[in-house]
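Q: Okay, here's the structure, questions in a sec.
Each reported figure results from applying straightforward, stated rules to the coordinates on display, with no laboratory input. As the structure is a prediction and not an experimental result, all values here were calculated from the model. When we count neighbours, we look across all protein chains shown, and the Cβ atoms used for this are built from the backbone with ideal geometry, even at glycine.
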Amino acid sequence: MTTVVLVDDQPLLRAGFRMILDGEADLEVVGEAGDGDTAVEVVRRLRPDVVLMDIRMPSRDGLSATEEICADLTLAGTRVLVLTTFELDEYVFEALRVGASGFLLKDVEPADLIAAVRQVAAGDAALSPSVTRRLVEHVASGDARRPPVEQVRSLEALTEREREVVALVGEGLTNDEIAARLFLSPATAKTHVSRAMTKVGARDRAQLVVLAYESGLVRPGWMA
């Protein structure tokens, strides 16, 4: 069973998401919050697998709450999916940088919501190709912050194969797609991704994508 906490200041939206997710045999909404402070308290108490986190809320916003949750080592098993009204939300990239595993538009189709929650719970990122491209453009424009020096140095520990794999993760490829591109088994591709994340200190694939571009390991323009 995958447990979920819903965080949004709109009760009707939370009710709609709860109805969709609770309708699945393997998903269960175990808590809700209407602001960032309550979200952190609820998440620490319930330790869900996935948090659906609105960014723009009164009082404390979801970006700050996401950063605190992702920095808490006791919540290492919890993944955050950011909710936003617009794909170009100025806070989306910052949320990914501080540890969010992806994002969803609030008008997401029910099937896509369910798939994204399952995907993130399994350790993958929920990043659409359009968002990945905008991340690349963001880095290419020079607006992106540079990653910590220690993370950049950790990239030197990657093997040549791991660098290839990280480049493909940066293009938005899944483990199966990486395996097919490099003529590997899916299990081997997954192992390379996991080892790369461990070496660079990335919480998940979303952070690996951000670090890969901001560090220059993957150059803007590589994507088709």
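Q: Between rounded, prolate and oblate, where does the stretch 44-129 land on the alpha carbon gyration tensor, with a ≥ b ≥ c its root eigenvalues, rounded for a/c under 1.5, else prolate if a/b exceeds b/c?
A: oblate
Q: Here's a follow-up. Just to confirm the filter: which GluC sites (Glu not before Pro) across the stretch 39-113 are DSSP coil and have at most 16 other Cβ within 10 angstrom of their Cβ?
A: 87, 90
Q: Then there's this: Please say if the stretch 163-220 is rounded, prolate or oblate, where rounded means a/c under 1.5 for a ≥ b ≥ c the square roots of the C-alpha gyration tensor eigenvalues, and otherwise the choice is prolate for a/b larger than b/c and oblate otherwise?
A: In terms of gyration-tensor shape, oblate.
Q: Next question. With labels modelled as points extended 7 Å from the Cα through the Cβ direction, what inter-label distance (nm, one decimal) is found for residue 74 paired with residue 44?
A: Going by the 7 Å Cα→Cβ label model, 0.7 nm.
Q: Can you tell me the relative contact order of the stretch 174-221? Whole percent, Cα pairs under 8 Å, sequence separation 6 or more.
A: Relative contact order for the stretch 174-221 comes out at 18 percent.
Q: Would you calculate the separation in nanometres between label points at residue 15 and residue 188, each defined as 7 Å from the Cα along the Cα-to-beta-carbon direction?
A: So the label points at residue 15 and residue 188 sit 5.4 nm apart.
Q: Just to confirm a number: summing +1 for Lys and Arg and -1 for Asp and Glu over residues other than residue 181 whose beta-carbon lies under 13 angstrom from that of residue 181, what do you get?
A: Here the charged neighbours net out to -3.
Q: Classify the stretch 1-65: rounded, prolate or oblate, from the alpha-carbon gyration tensor (a ≥ b ≥ c, eigenvalue square roots; a/c under 1.5 rounded; otherwise prolate if a/b is larger than b/c)?
A: Oblate.
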